[in-house]
């Protein structure tokens, strides 16, 4: 494995770890306030952290985000607000484990479809039936894992 792949694996695993912890933290915040107050706090604190990191890492090109060719891509923050909302709701209704398994299943399926159809500038790949079998195995694993 090349260094880039190893680093990519480490960061992907770290992202999964952080997303799981964040989902539980956000759900606990929502329990003492309300859904949109919790979602707002998440994004206000993320904005503050991002601006601080930008300030201390060079301060180049803050507004270059507006140079993106497809302005639709600038809606990622709006999508992020709904992600936060749906993660909090999923965890509060299902618990962290079941919600996370379903979130990961949905991410896997949608990410694969984005690549198969080459959506949003992603490199287009060919459909592979064996990957559909992988999704079916993941679904069966979720069913086994969620049995009481």
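The values are calculated or read from the model by the stated rules, or taken from the named source; none is laboratory data. Computed from a predicted model, the values in this text were never measured in an experiment. When we count neighbours, we look across all protein chains shown, and the Cβ atoms used for this are built from the backbone with ideal geometry, even at glycine.
Quick notes on this structure:
- Subset of region 105-135 [more than 21 Å from the chain's Cα centre (by Cα) and exposed (fewer than 10 other Cβ atoms within 10 Å of the Cβ)]: 126, 129, 130
- Among (1) in the same structural domain as residue 25 (by TED's automatic domain parsing); (2) surrounded by fewer than 13 Cβ atoms within 10 Å (Cβ to Cβ); (3) farther than 28 Å from residue 34 by Cα, the one test that residue 75 misses: (3)
- Beta carbons closer than 6 Å, at least 6 apart along the sequence or on distinct chains, never pair a first residue in region 1-30 that is closer than 16 Å to residue 43 by Cα with a second that is not in a helix (DSSP H, G or I).
- Any hit, region 45-64, residues being farther than 27 Å from residue 120 by Cβ, under 18 Å from the mean Cα position of the chain (by Cα) and surrounded by 10 or more Cβ atoms within 10 Å (Cβ to Cβ): yes
- Flag if residue 91 is within 24 Å of residue 18 (Cα to Cα), in contact (Cβ under 8 Å) with a residue 12 or more places away in the chain and surrounded by 13 or more Cβ atoms within 10 Å (Cβ to Cβ): yes
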